[in-house]
Amino acid sequence: MLLGGVVGALRTLPPLAQSAIQHFAAGVVFAAIATEIVPDVMHGGAPQAALAGFAIGVALMFGLRAVAERLEAAGGERSTYPLGLLAAVGIDCVVDGVVIGAGFATGARQGLLIAVSLSLEMLFLGLTTATTIKGGGGRAPGILAVCAGLGTVLVAAALGGLLLLSGRPAWVLTGFLAFGAAALLYLVTEELLIRAHDLGETPLVTALFFLGFLAVVRRQMIWDIQRCSGAEALVHLG
């Protein structure tokens, strides 16, 4: 988030470059959902909690979108610090933080993969926030302060989610992970990719979505191979 703020405050990236970042980030986030969050939800043994968490996540994201649009309209288009955008990004930071905390509560590998994947999303959000504020007349100190504050919200939400969910029954973790899956799917389909298409695209830029997806899948395959090799080694020693 802070790195995106620095880049956005110092220079304005071409629209196609921003679209490329968003496509790659969308692929990474989508792969994290498919390879880590969804399998844990499906094997959590709590289908009712999974369905409830997913439904709540979908309803909340649509509700937050409506609230953000109203705040944006009330704040005015010429505001240096657009309230609607900042509220939407702040809420997204809270949701993503809780998802990261839930991932670490489930397991270190899941939490690490989710955190790394969402860091690319934060880079894009920081860049977008900085570019918007800069376009409204904001200066670098204010931009960096806002991005640092949003990053702090994310870290606090992750720590809070970890403390809240550690040691909880499996159905609680399943519900929260299903909630996070819905929120992240909404982010990929309704935010990252739509904004990326509005900025323009080429076949190479579109291919970055699949490259981001493949990067996460390859990383998980390597982890699985290493884990299986370690298990086989222990069996051999036994």
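Label positions at residue 51 and residue 65, each projected 7 Å from the Cα along the C-beta direction, are separated by 2.4 nm. Percent of accessible area on the chain owned by carbon and sulfur, 1.4 Å probe? So the carbon and sulfur contribution to the accessible surface is 72 percent. If only the Cβ of Lys and Arg carry +1 and only the Cβ of Asp and Glu carry -1, the dipole of the chain around its Cα centre is close to 380 debye. Taking θ as phi - 60° and the Karplus parameters 6.51, -1.76 and 1.60, the scalar couplings of the range 128-140 work out to 5, 4, 5, 5, 5, 5, 5, x, x, x, x, 9, 4 Hz in sequence order, x denoting glycine and proline. Accessible area per residue for the range 1-51, computed on protein heavy atoms with a 1.4 Å probe, is 45 Å². For the chain, a Gaussian network of Cα nodes joined below 10 Å ranks 39, 203, 47 by mean-square fluctuation, and the top entry is 203.
Given a cut-off of 16 Å, what percent of all Cα-Cα pairs of the range 1-58 lie beyond it? Of all Cα-Cα distances in the range 1-58, 63 percent exceed 16 Å.
With a 1.4 Å probe rolled over the protein heavy atoms of all chains, the accessible area of 197, 43 falls in the order 43, 197, largest first.
When the helices of the chain are scored as -39500 (n - 2.57) per DSSP H run of n ≥ 4 and the total is divided over every residue, the value at 222 nm lands at -28500 deg cm²/dmol. Evaluated at q = 0.15, 0.16, 0.18 Å⁻¹, a Debye calculation over the C-alpha positions of the chain (equal weights, vacuum) places log10 I(q)/I(0) at -1.05, -1.17, -1.40. Zone of residue 12 (label point 7 Å along Cα→Cβ, backbone N under 19 Å): which residues in the range 137-171? Answer for this model: 137-144. Once C-alpha pairs closer than 8 Å and six or more residues apart are averaged by separation and normalised to the residue number of the chain, the relative contact order reads 44 percent.
The values are calculated or read from the model by the stated rules, or taken from the named source; none is laboratory data. Owing to the predicted nature of the structure, the values given are computational and were not obtained by experimental measurement. Note that we place each Cβ from the backbone using ideal geometry, even for glycine, and neighbour counts take in every protein chain shown. For the accessible areas, the whole protein counts, side chains as well, though only heavy atoms, and no ligand, DNA or RNA atoms are used. Shrake-Rupley method; radii C 1.70, N 1.55, O 1.52, S 1.80 Å.
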